[in-house]
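Here's the structure, in structure tokens; my notes come after.
The values are calculated or read from the model by the stated rules, or taken from the named source; none is laboratory data. Just so we're clear, the structure is a prediction, and the values are computed from it rather than from any experiment. Counting neighbours? That spans all protein chains shown, and the Cβs are built from the backbone with ideal geometry, glycine included.
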């Protein structure tokens, strides 16, 4: 819940800051899809190169059991602070969200975008937290790390190409 709340904060900040940037620096918004495409392309390339690197030195160990119990509030705060204070998260969200926003976006669209990102983050991190606590799922993720990296890299590169196309259409 904390990670999803921080993603909601990022989405709100970027969605409404993009409107100000469109007003005050309209030329920047023409170049933003290009910057976003470069960022996502870089991330996609990193995933693919990580998948192709030899993983012989990596030994898969079972995840350690947590000895200390945390309260729900402490868990929320840890997740929120971890993501909200991550400067790379703002760069990522600004490049992706502001790069994909139409030049004129109504308030309902922005609120729907915030709700969508929050809901997707809540579902994803909820699922991931649940799955990682099941030994069979955790072991499967560790065994299929390379395939997951390849899939993620391809998806990121596809989004980068779509943003390049959008940037070309804006020019």
Answer residue from segment 63-111, given it is in a helix (DSSP H, G or I), within 27 Å of residue 44 (Cα to Cα) and over 15 Å from the mean Cα position of the chain (by Cα) and is modelled with the lowest pLDDT among those: 110
For segment 127-146, how many residues meet the condition of being within 20 Å of the chain's Cα centre (by Cα) and in contact (Cβ under 8 Å) with a residue 24 or more places away in the chain? 3
Answer from 150, 114 - the residue that is closer than 26 Å to residue 30 by Cα, in contact (Cβ under 8 Å) with a residue 24 or more places away in the chain, out of contact with any strand residue (DSSP E or B) (no Cβ under 6 Å at 6 or more places or on another chain) and surrounded by 13 or more Cβ atoms within 10 Å (Cβ to Cβ): 114
